[in-house]
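**Student:** Quick one: this structure, given as structure tokens, is what I'll be asking you about.
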Amino acid sequence: MAQESVTLQLKWTHQFQFAGYYMAQQKGYYKDAGLDVTIREANPKMPDTFTPVASGEAQFGVAHSGILQQRVNGQPFVAMAAILQFSPYCWMVKDSSDIFHPRDFTAKRITEVSKKDSTELLVMLKRSGIDIATLEVYEGDEPALKAWQENKLDAMQVYVTTQPYFMTQQGVSHRLICPQRYGMDVYGDVLFTSESMLKKHPQTVEKFYQASLKGWRYAMMNMDEAIAITQQVYAPNKSFHQLAYEAEVLKDYIMPPTTHLGNMSMAKWRLIADYYGIKQTQFDEHKAGFVYKYQEPERLQLSWMLIAAFLVSIISIPLYLRLILGKK
């Protein structure tokens, strides 16, 4: 059987964060579904997944809750599954810092925050009464992490498994101020596609969806193997120890005890809309078709209807004849 070629655009470089897709590829789940999948890592200098999917360069992508803002802005994206149930972005402060709570950020120096991927970090501060316009944003020439280590800024935006890992390895004491702990409940990595792809190739989208979730289930049930394959095939530049640390942290984001793998709810998306400053009327205008739901193609449904009608006709003919002959 000919394999259908599709591309998955990741939001960052290869690491355990995407292990479920790697396992779907390496275990043959995509192949069994008739798919030849290219898993493309992002350019870390410009990690944009929306443009490739919108242009058709990639058929699937991994994004953040900001996909909802894209939808409201007119991009016809469809959210398929939330692989990370919580945001992996946090503020990192030194252990000696006087920042213990979002309300402690008054007059502090911070790194610039991506409004595409981690708006919740700023929203968290706003909800705690901080006027973010008064915060000093670091614009120095040296890397933010180095500036943070040299006390040139007070708090920096981090991915929960990256900078904290390196600081722990270097023996630098720190703590994290994370949105999830302060009621900011947003999705992290969201698998998505375009309405165009879904309309033209609904069965391909469904096959990719099912095979990807199967890969994630395998990765979660066989973490050592998933870590090893990620390191050997996709991320040889990362150590097994680093990937194992990432896996251990992210497992609670991927499969928390309160929900199932990939789960999304319209109620949570409505809450996220509020965080992003999207009016509820706007949300209601754009929510139809935003969350993925597989529907059989109409032609397939029609064929089943015809078959059912045909069977009813065959069954009915003898009954009709018996009725007529009985009257005679």
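**Student:** Can you tell me how many residues within the stretch 61-85 are free of Cβ contacts under 8 Å to residues at least 24 places away in the same chain and either part of a helix (DSSP H, G or I) or of a type in the set (D, E) (or both)?
**Tutor:** 1
**Student:** Can I ask one more? Condition first: surrounded by fewer than 19 Cβ atoms within 10 Å (Cβ to Cβ), farther than 23 Å from Q295 by Cβ, in contact (Cβ under 8 Å) with a residue 12 or more places away in the chain and touching a Leu at 6+ places or on another chain (Cβ under 7 Å). Can you find one or more residues in the stretch 87-101 that meet it?
**Tutor:** Checked against the condition, which is being surrounded by fewer than 19 Cβ atoms within 10 Å (Cβ to Cβ), farther than 23 Å from Q295 by Cβ, in contact (Cβ under 8 Å) with a residue 12 or more places away in the chain and touching a Leu at 6+ places or on another chain (Cβ under 7 Å), the stretch 87-101 yields no hits at all.
**Student:** Let me ask you something else. Looking at (1) free of Cβ contacts under 8 Å to residues at least 60 places away in the same chain; (2) not in a loop (DSSP other than H, G, I, E, B), find the lone condition where Q157 falls short.
**Tutor:** Of everything listed in (1) free of Cβ contacts under 8 Å to residues at least 60 places away in the same chain; (2) not in a loop (DSSP other than H, G, I, E, B), Q157 misses just condition (1).
**Student:** As an exercise: evaluate I132 against (1) crowded, with 19+ Cβ neighbours inside 10 Å; (2) without any contact (Cβ under 8 Å) to a residue 12 or more places away in the chain and give the number of the one condition it does not meet.
**Tutor:** (1) is the only condition that I132 fails.
**Student:** Give the residues of the stretch 136-154 that are assigned to a loop (DSSP other than H, G, I, E, B), touching a helix residue (DSSP H, G or I) at 6+ places or on another chain (Cβ under 7 Å) and surrounded by fewer than 19 Cβ atoms within 10 Å (Cβ to Cβ), sorted by residue number.
**Tutor:** Answer for the stretch 136-154, where residues must be assigned to a loop (DSSP other than H, G, I, E, B), touching a helix residue (DSSP H, G or I) at 6+ places or on another chain (Cβ under 7 Å) and surrounded by fewer than 19 Cβ atoms within 10 Å (Cβ to Cβ): Y138, G140.
**Student:** If you go through the stretch 250-263 one residue at a time, how many are surrounded by fewer than 18 Cβ atoms within 10 Å (Cβ to Cβ) and aliphatic (A, V, I, L, M)?
**Tutor:** Summing the residues that are surrounded by fewer than 18 Cβ atoms within 10 Å (Cβ to Cβ) and aliphatic (A, V, I, L, M) in the stretch 250-263 gives 1.
**Student:** Further, regarding this structure: Filter the stretch 2-16 down to the residues that are β-branched (V, I, T) and in a strand (DSSP E or B) and list them by number.
**Tutor:** V6, T7
**Student:** Moving on. Can you confirm whether A219 is modelled with pLDDT of 95 or more and either assigned by TED's automatic domain parsing to the domain that holds P102 or assigned to a helix (DSSP H, G or I) (or both)?
**Tutor:** yes
**Student:** Give the residues of the stretch 224-256 that are more than 19 Å from Q170 (Cα to Cα) and polar (S, T, N, Q), sorted by residue number.
**Tutor:** Once the filter is applied, which keeps residues that are more than 19 Å from Q170 (Cα to Cα) and polar (S, T, N, Q), the stretch 224-256 yields T230, Q231, Q232.
**Student:** Return only the number of the condition from (1) surrounded by 15 or more Cβ atoms within 10 Å (Cβ to Cβ); (2) part of a helix (DSSP H, G or I); (3) basic (K, R) that K238 does not satisfy.
**Tutor:** (2)
**Student:** Any idea how many residues of the stretch 223-252 are without any contact (Cβ under 8 Å) to a residue 24 or more places away in the chain and among the polar types (S, T, N, Q)?
**Tutor:** 4
**Student:** While we're here: With E285, E296 as the choices, which residue is acidic (D, E), at pLDDT 60 or above, farther than 26 Å from Q180 by Cα and in contact with a Phe, Trp or Tyr (Cβ under 9 Å, 6 or more places away or on another chain)?
**Tutor:** The match here is E296.
For every residue, the table says whether it meets (1) at pLDDT below 95; (2) touching a Cys at 6+ places or on another chain (Cβ under 7 Å); (3) on the phi < 0 side of the Ramachandran plot.
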position: T134; (1), (2), (3): yes, no, yes
position: E139; (1), (2), (3): yes, no, yes
position: W148; (1), (2), (3): no, no, yes
position: L153; (1), (2), (3): yes, no, yes
position: M156; (1), (2), (3): no, no, yes
position: L176; (1), (2), (3): no, yes, yes
position: P179; (1), (2), (3): yes, no, yes
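The values are calculated or read from the model by the stated rules, or taken from the named source; none is laboratory data. Here the structure is a predicted model, which is why all the values come from computation and not from measurement. Using ideal geometry, Cβ is built from the backbone for each residue, glycine included, and neighbour counts are taken over all protein chains shown.
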